[in-house]
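Scroll down for the structure; my scribbles are underneath it.
The values are calculated or read from the model by the stated rules, or taken from the named source; none is laboratory data. Given the structure is predicted, the values throughout are model-derived calculations rather than measurements. Cβ: placed from backbone, ideal geometry, glycine included. Neighbour counts: every protein chain shown. Accessible surface is based on the protein model in full, side chains and every heavy atom, while ligands, DNA and RNA are left aside. Shrake-Rupley method; radii C 1.70, N 1.55, O 1.52, S 1.80 Å.
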Amino acid sequence: SPVPSLKREMRNLSEECSLEPVTVSMAYVYFEKLVLQGKLNKQNRKLCAGACVLLAAKISSDLRKHEVKHLIDKLEERFRFNRRDLIGFEFTVLVALELALYLPESQVLPHYRRLTQQS
């Protein structure tokens with residue numbers, strides 16, 4: 001399954017952009033919810049991964065405008081998609097998550113623990 005390798009990409013990119021482990025953890029939870037809802041396919045899975053990182057970054061950290069732009073540049077480069085598609089997908093992810101971007105700690109903690117123990 002491409003899911004573990006996509007999550008690895010999400011983590012590596014997040015580290016390159018100095019995002020916090022809690023942000024990556026949130027992105028993972030969003031991503032897994034999309035997987036469980038059967039939203040992922042070969043065409044959109046990179047966009048899904050990218051949109052999850054972008055949303056988590058916007059929600060969990062006070063990114064400045066140029067930092068958001070830098071993150072989008074990086075996502076575009078790493079996952080080889082078009083930023084217009086990414087922004088469109090952000091909305092798709094929001095709807096799939098029913099706008100529930102603030103996650104209960106119980107969902108985020110397991111990922112967070114794994115990420116912080118790895119590094």
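Within region 60-82, residues that are touching a residue at least 60 places away in the same chain (Cβ under 8 Å) reach partners that are part of a loop (DSSP other than H, G, I, E, B) with beta carbons closer than 6 Å, at six or more positions or on different chains, in the pairs K74/C17.
Among residues of region 83-107 that are farther than 16 Å from Y28 by Cα, those with a Cβ under 8 angstrom from a residue that is β-branched (V, I, T), sequence gap 6+ or separate chain, pair up as R83/I72; L86/I72. Taking region 10-27 as the range and being touching a Lys or Arg at 6+ places or on another chain (Cβ under 6 Å) and either crowded, with 22+ Cβ neighbours inside 10 Å or not in a helix (DSSP H, G or I) (or both) as the test, the residues that pass are C17, V24. When the residues of region 31-41 are filtered to those that are assigned to a loop (DSSP other than H, G, I, E, B) and not polar (S, T, N, Q), the one that is farthest from V68 (Cα to Cα) is G38.
Of the residues making up region 69-82, those that are within 22 Å of V29 (Cβ to Cβ) and either in contact with a strand residue (DSSP E or B) (Cβ under 7 Å, 6 or more places away or on another chain) or open to solvent by 30 Å² or more (accessible area, probe 1.4 Å) (or both) number 2.
Every residue, every condition in (1) among the polar types (S, T, N, Q); (2) assigned to a helix (DSSP H, G or I); (3) modelled with pLDDT under 90, yes or no:
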residue: V29; (1), (2), (3): no, yes, no
residue: Q43; (1), (2), (3): yes, no, yes
residue: C48; (1), (2), (3): no, yes, no
residue: A57; (1), (2), (3): no, yes, no
residue: H66; (1), (2), (3): no, yes, yes
residue: K69; (1), (2), (3): no, yes, yes
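Note on region 77-109: residues that are over 18 Å from V35 (Cα atoms), polar (S, T, N, Q) and touching a helix residue (DSSP H, G or I) at 6+ places or on another chain (Cβ under 9 Å) total 1.
Scanning region 30-52 for residues that are surrounded by fewer than 20 Cβ atoms within 10 Å (Cβ to Cβ) and of a type in the set (A, V, I, L, M), we see that the one that is farthest from D73 (Cα to Cα) is L36.
Within region 71-89, the residues that satisfy the criterion of being of a type outside the set (A, V, I, L, M) and assigned to a helix (DSSP H, G or I) are D73, K74, E76, E77, R78, F79, R83, R84, D85, G88, F89. For region 90-113, a residue qualifies if it is surrounded by 13 or more Cβ atoms within 10 Å (Cβ to Cβ), outside any loop (DSSP other than H, G, I, E, B) and not hydroxyl-bearing (S, T, Y), and the qualifying residues are E90, V93, L94, A96, Q107, V108, L109, H111.
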